[in-house]
Amino acid sequence: MSAETTLENTAQQGNLEKFIYDDQIARMFALATLVWGVVAFLVGIIIATELAFPSVNLGLDLITFGRLRPLHTNAAIFAFAGNAIFTAVYYSTQRLCRARMWSDLLSRLHFWGWQLIILSAALTLPLGITQSKEYAELEWPIDIAIAVVWVGFFGVNFFMTLARRRERHMYVALWFYIATIVTVALLHVFNNLVVPIGLFKSYSVYAGVQDAFMQWWYGHNAVAFFLTTPFLGLMYYFLPKAANRPIFSYKLSILHFWSLVFIYIWAGPHHLHYTALPQWASTLGMLFSIMLWMPSWGGMINGLLTLRGAWQKVTSDPVLKFFVVGITFYGMSTFEGPVLSIKSVNALSHYTDWTIAHVHAGALGWNGFMTFGMIYWLLPRLFQTELYSTRLANLHFWLGTVGILLYIFPIYVAGLTQGLMWRAITDTGQLAYPNFVETVRVLIPLYFIRAVGGVVYLSGALLLGYNFLQTWKTRPAKYEEVEHFAAPLEKQYEDDPAPESRLTGVLEVAKKLDVFEQLAWHRRWERLPRLMTIWVIIAVVAASLFEIIPTFLIRSNVPTIATVTPYTPLELAGRDIYVAEGCYNCHSQMIRPMLAETKRYGEYSKPGEFVYDHPFQWGSRRIGPDLAREGGKQSNLWHVRHFRNPELMTQGSIMPPYPWLETRKLNFKTIPDRVWAASYLGAPYDEAALTDSIALAKKQAKAIADDIHRQDGPAGLEDKQVVALIAYLQRLGTDLFKTPKAEKPSAEPNSAKTANKTAQADAAATR
């Protein structure tokens, strides 16, 4: 009698359960990974080319850099990397749990729901429907859909599969999946709390400093728990499978996991060094970022040393080639990240292309190569046939490697060039390069090389697509559904006897430490998914609250400035146009307290200036100059001509023209909703602004339009979008220098008066 027949007979007797893995869901996500990856890379090439040749957008608003950049980042992170994560989770979880996913229906709802979310992003972002918060640009209806799909479909399906598993102990990959699902849900919900003012527009409930803090608590940890922890789970499962070797160190896995989960969540504020964020918060972020280096490299070492005794396979196996280089890029990125968090280094690198190079080294090298390696390993198993061409897979590896190097090296050079030129001071104490555009001209050749590198990388992905298609064509007419047998978990389980110390002749505390290091306590956790999940939540929430509570509750974090008032109704509408056009992708609004920056842009930014900014607009990159003090620097007509033809006003500018701003009408009907939302969030509008916002907006628009016409500019702009945008730009940074109105003695707290006097004194000192 065969072993299979014996298993079937045993199963029929009730001792074993029969089940079949659902590989179709993994096939679906693998295909989506490939399709959206090509889209993400292609859009990236388009915007990279637009930096070198701004005319590439052909004057079309839908494909300007500001509109396409968030589409590229969302496609790369949530479409390409996201579908890769789901491919890995659905394939490996079933095998690690020895159970089919709990619900085929939830699996399909997850797949189609996620693809519809990505499609919604692809439609809304080019239309300028955005929250303007990096990696969280999607508007509130899509955010709700993300929460439903992530928690209701994906999360429930995953955790119910854990509950019904037939393998007692959870392998390390499952720990990382748990951390990913729980933490991403928390990050997404709290960062996207908004007040809707329509189907396609909302204002963040946070403002200014607090909004910036929440965004980078989310933004950095989106990298941590969407682009790191699930891919580490992928590494812990697929690398040992491909190498046919066990993971190098179980203890290192435990240290790697818990230190990452606890430490990573603190690191976000290092994105805000020298800004209006309280210094203690950014310093704390820096300290924990530096601490991240050790556990991150622990994971890299654990991965690479798994290949001990199998390095000869790397020369011939393209899967291992991708994995080795991917893990190496993980090590490089997680070394560079802590370095960039150091304040003195960040002072040079922030707002430059150095950060862009760092991000793409991780995304293309770590996430991209781990994904490619996983797909090549999965193709013959998912399609139950031989991989069509190992030679093409090897060619893809070399094209991808060359593409990454061609991409990141020029951008590293560009970033260093920018940082050094921006801060260069002559012997006489003046800016060596006073015109911002001087730094832009130098970078054009580097931007061109970067675009070429993107094309090479994309060509490798297209080879994968061809290999995917040809492998699929050789699949069997009907997939074989292999039946598996395993006993269900018994409800009662006795733990192994408590370990005893192996030491003699030492203090009792040393014996207890020896028992602790034997990790029997963690072995117990590994069979209790609810307990493991609770501890993950505790680690993440505790670390978050230590930063968030002081930042939100300590009043001195955001001193009041009496002259800072809410935006007028027209300026509020103009700000929303600024957001829709994606201006924040190229311009910052945060002058750091550095000599070169105050000489170039003016008085450094104060926390109290942003109390009515929902959301904040500090930016993270300077392709164009900072706009924090733009108000009043140029005439209204100058702005009109600048939008029409930027290079005419600034020779060498790579800003695209915005001619449609002069022809598209401003929808005055939406202004009352905008004013109401701002008032609801704390803006102290008077009764006139709340009841007659349209009339006030039209009055201010008429004044600006008449001024433009008096300067021999075009007539009839009083109902066009350009006037609202100009109103907003002319307001930027001017409040700090206004003369405060006479106030009653009791109208303002002493602390606010003191803060206002300090701000006025600082401002006067720089005039």
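The values are calculated or read from the model by the stated rules, or taken from the named source; none is laboratory data. From a predicted model like this one, the values you see are computed outputs, not experimental measurements. Neighbour counts are summed over all protein chains in view; Cβ atoms, including those assigned to glycine, are modelled from backbone coordinates with ideal geometry. We work out accessible area using only protein heavy atoms, side chains counted, and drop any ligands, DNA or RNA first. Shrake-Rupley method; radii C 1.70, N 1.55, O 1.52, S 1.80 Å.
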> Which one is farthest from Ile671 (Cα to Cα), of the residues in segment 155-180 that are in a helix (DSSP H, G or I) and open to solvent by 10 Å² or more (accessible area, probe 1.4 Å)?
Replying inline: Ala163
>> Name the residue that is surrounded by the fewest Cβ atoms within 10 Å (Cβ to Cβ), counting only residues in segment 15-43 that are of a type in the set (D, E, K, R) and in a strand (DSSP E or B).
In response: Lys18
> Among the residues of segment 471-487, is any farther than 29 Å from Glu17 by Cα, within 34 Å of the chain's Cα centre (by Cα), surrounded by 12 or more Cβ atoms within 10 Å (Cβ to Cβ) and of a type in the set (Phe, Trp, Tyr)?
Replying inline: yes
>> Just the residues that are farther than 28 Å from His271 by Cβ, aliphatic (A, V, I, L, M) and either part of a helix (DSSP H, G or I) or at pLDDT below 95 (or both), please, taken from segment 90-134.
In response: Leu96, Leu105, Leu106, Leu109, Leu116, Leu119, Leu123
>> Show me the helices (runs of 4 or more DSSP H) found entirely inside segment 253-359 where at least 1 residues are more than 29 Å from Leu464 (Cβ to Cβ).
In response: 279-291, 293-305, 318-341, 343-349
>> Looking only at segment 608-651, count every residue that is open to solvent by 30 Å² or more (accessible area, probe 1.4 Å) and closer than 17 Å to Gly208 by Cβ and tell me the total.
In response: 3
>> Regarding segment 374-392, can at least one residue be identified that is within 26 Å of the chain's Cα centre (by Cα) and crowded, with 21+ Cβ neighbours inside 10 Å?
In response: yes
> Based on what the data block shows, is Gly299 touching a Pro at 6+ places or on another chain (Cβ under 9 Å) and either charged (D, E, K, R) or surrounded by 21 or more Cβ atoms within 10 Å (Cβ to Cβ) (or both)?
Replying inline: no
> Is it true that some residue in segment 72-87 is crowded, with 24+ Cβ neighbours inside 10 Å, more than 30 Å from Arg664 (Cα to Cα) and among the β-branched types (Val, Ile, Thr)?
Replying inline: yes
> Looking at this structure, is Asn57 modelled with pLDDT under 95 and either more than 22 Å from Gly624 (Cα to Cα) or buried (at least 19 other Cβ atoms within 10 Å of the Cβ) (or both)?
Replying inline: yes
>> What's the number of the only condition in (1) under 30 Å from Pro278 (Cα atoms); (2) more than 18 Å from the chain's Cα centre (by Cα); (3) open to solvent by less than 20 Å² (accessible area, probe 1.4 Å) that Tyr206 fails to meet?
In response: (3)
> Quick check: is even one residue across segment 425-434 free of Cβ contacts under 8 Å to residues at least 40 places away in the same chain and within 29 Å of the chain's Cα centre (by Cα)?
Replying inline: no
> Taking segment 680-720, which residues are open to solvent by less than 70 Å² (accessible area, probe 1.4 Å) and under 30 Å from the mean Cα position of the chain (by Cα)?
Replying inline: Leu681, Gly682, Ala683
> Quick check, is Ser556 open to solvent by 20 Å² or more (accessible area, probe 1.4 Å), over 22 Å from Cys97 (Cα atoms) and of a type in the set (S, T, N, Q)?
Replying inline: yes
> Taking segment 354-373, which residues are open to solvent by 30 Å² or more (accessible area, probe 1.4 Å), touching a residue at least 60 places away in the same chain (Cβ under 8 Å) and farther than 16 Å from Phe78 by Cα?
Replying inline: Trp354, Thr355
